[in-house]
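The values are calculated or read from the model by the stated rules, or taken from the named source; none is laboratory data. Worth saying up front: this structure is predicted, and the values here are computed from it rather than measured. With ideal geometry, Cβ positions are generated from the backbone for all residues, glycine too; neighbour counts draw on all protein chains shown. What goes into the accessible areas is simple: the full protein's heavy atoms, side chains included, and nothing from ligands, DNA or RNA. Shrake-Rupley method; radii C 1.70, N 1.55, O 1.52, S 1.80 Å.
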Amino acid sequence: MRSHEAAVLPIEARGLRYKAGGRALIGPLDLTISQGGITALMGPNGAGKSLLLRLLHGLIRPTAGTISFSGRAAGDGAPRQALVFQKPVLLRRSVAANISFARSLAGGGEHVDDILAEAGLTAQARQPARLLSGGEQQRLALARAMALRPQLLFLDEPTASLDPPATLLMEDMIAGIAQRGIKIVLVTHDVGQARRLADDIAFMHQGRIVEHGPAGTLIEAAETKEAQAFFAHRLVL
Amino acid sequence: MSDFEQAFALALRLLFSFDPALIEIVALSLKVSLSALFLAGLIGLPFGAAVAVTRFPGRGGVIILLNAMMGLPPVVIGLLVYMLLSRAGPLGVLGLLYTPAAMIIAQTILIAPIIAALTWQVVESLEGEYSELFRSMRVPFHRRVPTLLFDARFSLMTVMLAGFGRAVAEVGAVMIVGGNIDHLTRVMTTAIALETAKGDLAQALALGFVLVLIAITVNGAVIVIRQAARRRAYA
């Protein structure tokens with residue numbers, strides 16, 4: 001196991017519940033991610049994928065249950081982590097300044113120019129971040145997340161609103177990050193993307209994990225009817 | 001030529017001949033109001049931003065008070081500062097009454113709540129946009145306020161211009177604490193009041209032109225800043 005992964009894995013959620021407005025939105029949910037690489041959280045709309053991602057990242061507190069990383073409770077010994085939102089929130093400053101901000105929070109790390117080069121944004125370094133195209137904005141959001149030097153990276157449908165060329169560029173970046181030993185948890189609706197990127201898939205339905213296994217196996221031979229219907233592109237109600 | 005036309009012509013002559021007395025008054029006005037703006041910005045910008053990003057008991061009361069203080073009558077502020085700085089007052093020992101420093105203090109008190117209240121509105125709106133990102137990036141509190149102030153810089157420039165406009169056009173407070181002393185505390189607004197009372201309409205009109213010019217410049221600057229902000233997508 002590589003050094004980053006040792007600090008992160010296994011990611012364990014036990015008896016996780018989240019309620020809002022009297023409605024149970026998540027759980028009870030148990031999940032163990034012990035494999036490195038990319039884990040995809042999949043499921044129909046409203047299954048609770050993005051909510052689970054936010055719970056794991058610590059953006060919201062669970063109503064009940066525990067989350068731990070490498071045996072240490074979240075909060076105390078949580079690994080360095082970052083999240084890329086579906087709709088990137090960019091600071092109102094230049095592309096390079098967005099990276100510098102994250103870099104300053106991380107207390108240094110890779111040079112801004114190198115980070116921009118990896119994201120293919122060198123030419124846009126001085127441009128206002130919000131004037132970039134959708135694909136460039138999302139690559140900047142990912143590059144900025146990487147400037148935080150995360151050991152664990154959460155991606156919430158990062159290519160949902162991108163065209164195929166921009167999606168491929170993002171996927172190349174994501175695959176490159178995973179190859180560096182950074183654990184990635186990715187929310188996606190896109191079965192093709194899961195097939196291209198994911199090592200394992202946790203399939204969610206109505207706030208619970210109904211199936212979790214290697215990506216190829218789950219897509220081709222899911223055991224639960226909900227996952228089978230989803231991967232067969234049938235409506236899951 | 002009527003009296004009014006004569007006064008108008010004389011006012012223009014005073015302006016374009018750079019009359020030393022006129023320049024002195026304009027310079028002091030700008031010095032007092034820009035100093036007050038600087039101090040009010042130092043107080044109002046971080047205070048308004050801090051109120052926007054923090055949640056504490058009584059926050060609603062602070063916001064109501066800030067908004068209420070935006071409409072404080074200048075003469076009341078002048079009176080309070082006068083009482084503070086007069087010989088018998090708690091700060092009388094400083095000997096600041098009837099000096100430009102007293103006028104700066106009064107104008108600072110007048111516009112700091114305006115800057116704070118408008119900053120709160122601007123920053124709270126931006127904070128709503130950034131809050132999840134900040135929590136995700138684990139941005140500590142001491143970094144949030146400066147980050148929000150920097151990213152709201154275009155809007156805050158217009159806030160500062162609004163504060164300057166209020167300060168430079170104000171007459172009541174500076175009249176009370178400055179005393180309108182020639183070559184010492186006479187500024188445009190107090191000079192206009194005095195010259196009008198004396199019947200020297202040319203001097204009053206010339207100063208009025210300068211004030212209107214400043215108002216036009218301030219509003220022009222607001223429009224230019226807004227256009228620049230829009231062009232740069234507020235980035």
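Residues in segment B:114-130 that are open to solvent by 30 Å² or more (accessible area, probe 1.4 Å) and either of a type in the set (Ser, Thr, Tyr) or within 13 Å of chain A (Cβ to nearest Cβ) (or both): 4 in all. Considering segment A:79-94, and only residues there that are farther than 18 Å from A:Leu186 by Cα and of a type outside the set (A, V, I, L, M, F, W, C), the residue that is nearest to the other protein chains (Cβ to nearest Cβ) turns out to be A:Arg92. The condition of being on the phi > 0 side of the Ramachandran plot, among the small types (Gly, Ala, Ser) and away from chain B (no Cβ under 14 Å) holds for only one of A:Gly48, A:Gly58, that being A:Gly48.
Selection of segment A:95-107 for residues being open to solvent by 20 Å² or more (accessible area, probe 1.4 Å) and within 7 Å of chain B (Cβ to nearest Cβ) yields only A:Leu105. In the set (1) more than 8 Å from chain A (Cβ to nearest Cβ); (2) under 18 Å from B:Phe47 (Cβ atoms); (3) among the β-branched types (Val, Ile, Thr), B:Ile104 fails one condition alone, (2).
Restricting the search to segment B:146-164, which residues are over 17 Å from B:Ala52 (Cα atoms) and either open to solvent by 30 Å² or more (accessible area, probe 1.4 Å) or within 14 Å of chain A (Cβ to nearest Cβ) (or both)? Those that are over 17 Å from B:Ala52 (Cα atoms) and either open to solvent by 30 Å² or more (accessible area, probe 1.4 Å) or within 14 Å of chain A (Cβ to nearest Cβ) (or both): B:Phe154, B:Met157, B:Met160, B:Leu161, B:Ala162.
Here segment B:75-107 is the region considered, the condition is being aliphatic (A, V, I, L, M) and more than 22 Å from B:Asp182 (Cα to Cα), and the residue that is nearest to the chain's Cα centre (by Cα) is B:Ile77.
To keep it simple, each residue is scored yes or no on (1) over 14 Å from B:Thr108 (Cα atoms); (2) open to solvent by 60 Å² or more (accessible area, probe 1.4 Å).
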position	(1), (2)
B:Ala52	yes, no
B:Gly58	yes, no
B:Leu65	yes, yes
B:Ala68	yes, yes
B:Leu72	no, no
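Here the strands (runs of 3 or more DSSP E) wholly within segment A:108-217 that include at least 3 residues being modelled with pLDDT of 95 or more and surrounded by fewer than 21 Cβ atoms within 10 Å (Cβ to Cβ) are A:208-214. Within segment B:131-140, can you find the residues that are out of contact with any helix residue (DSSP H, G or I) (no Cβ under 7 Å at 6 or more places or on another chain) and more than 9 Å from chain A (Cβ to nearest Cβ)? B:Ser131 - this is the single residue of segment B:131-140 that is out of contact with any helix residue (DSSP H, G or I) (no Cβ under 7 Å at 6 or more places or on another chain) and more than 9 Å from chain A (Cβ to nearest Cβ).
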